[in-house]
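A.B. asks: Sharing a structure here in structure tokens format.
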Amino acid sequence: MHISRHPWLTYSAWMRFALIVVVALLGACKSQGTGASKDVASCNVPSAGNCREYSAANLAAGSDHLAKLCAIATNATFSMAPCPTANSTGRCAQREHTDVYYTSYPIPAEDVEKGCTASSGRFTKGP
């Protein structure tokens, strides 16, 4: 395949150039978060009795979008730290996130556990 009139600019040269551009763009996207470099972030909603914890995979494109998503909930706090463990009744680990439930959550922990495992999550009790 010949892309250019210049014999030195072959298809493989174009592919190497494209790969360099993609890697540079991905690096730029990663650095556009809130400036923190931790592997976890959370959205805590104490009034609802739960907190959602995001892992490094969720933070790969930066944390700005997660912070905006968290801001939708009333009285929610976004943080570049794990969810608090005090008064936790359990955690439901899903593929993309972990939900932490507290004593003030309106649904009993046993029912939360059933719902978690029914949705292919892994539930662990307590802090």
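A.B. asks: In segment 63-73, is there at least one residue being more than 12 Å from the chain's Cα centre (by Cα) and in contact (Cβ under 8 Å) with a residue 12 or more places away in the chain?
C.D. replies: Among the residues of segment 63-73, at least one is more than 12 Å from the chain's Cα centre (by Cα) and in contact (Cβ under 8 Å) with a residue 12 or more places away in the chain, which makes the answer yes.
A.B. asks: Sticking with this one: Using beta carbons and a limit of 9 Å, which pairs, at least six apart or on different chains, have the first residue in segment 102-126 and over 18 Å from GLY49 (Cα atoms) and without any contact (Cβ under 8 Å) to a residue 40 or more places away in the chain and the second one surrounded by fewer than 17 Cβ atoms within 10 Å (Cβ to Cβ) and among the basic types (Lys, Arg)?
C.D. replies: Between residues of segment 102-126 that are over 18 Å from GLY49 (Cα atoms) and without any contact (Cβ under 8 Å) to a residue 40 or more places away in the chain and residues that are surrounded by fewer than 17 Cβ atoms within 10 Å (Cβ to Cβ) and among the basic types (Lys, Arg), the close pairs are SER120/ARG95; GLY121/ARG95.
A.B. asks: Only one of (1) within 18 Å of the chain's Cα centre (by Cα); (2) among the hydroxyl-bearing types (Ser, Thr, Tyr); (3) surrounded by 19 or more Cβ atoms within 10 Å (Cβ to Cβ) fails for THR77. Which number is that?
C.D. replies: Here THR77 clears every test but (3).
A.B. asks: Does CYS92 meet the test of being under 24 Å from LYS114 (Cβ atoms) and in contact with an Asp or Glu (Cβ under 6 Å, 6 or more places away or on another chain)?
C.D. replies: yes
A.B. asks: When you look at ASN58, is it in the same structural domain as PRO46 (by TED's automatic domain parsing) and either touching an Asp or Glu at 6+ places or on another chain (Cβ under 7 Å) or in contact (Cβ under 8 Å) with a residue 60 or more places away in the chain (or both), yes or no?
C.D. replies: Against the criterion (in the same structural domain as PRO46 (by TED's automatic domain parsing) and either touching an Asp or Glu at 6+ places or on another chain (Cβ under 7 Å) or in contact (Cβ under 8 Å) with a residue 60 or more places away in the chain (or both)), ASN58 qualifies.
The values are calculated or read from the model by the stated rules, or taken from the named source; none is laboratory data. Because the structure is predicted, anything quoted here is derived from the model rather than measured. Every residue, glycine as well, gets a Cβ built from its backbone with ideal geometry; the counts of neighbours run over all protein chains shown.
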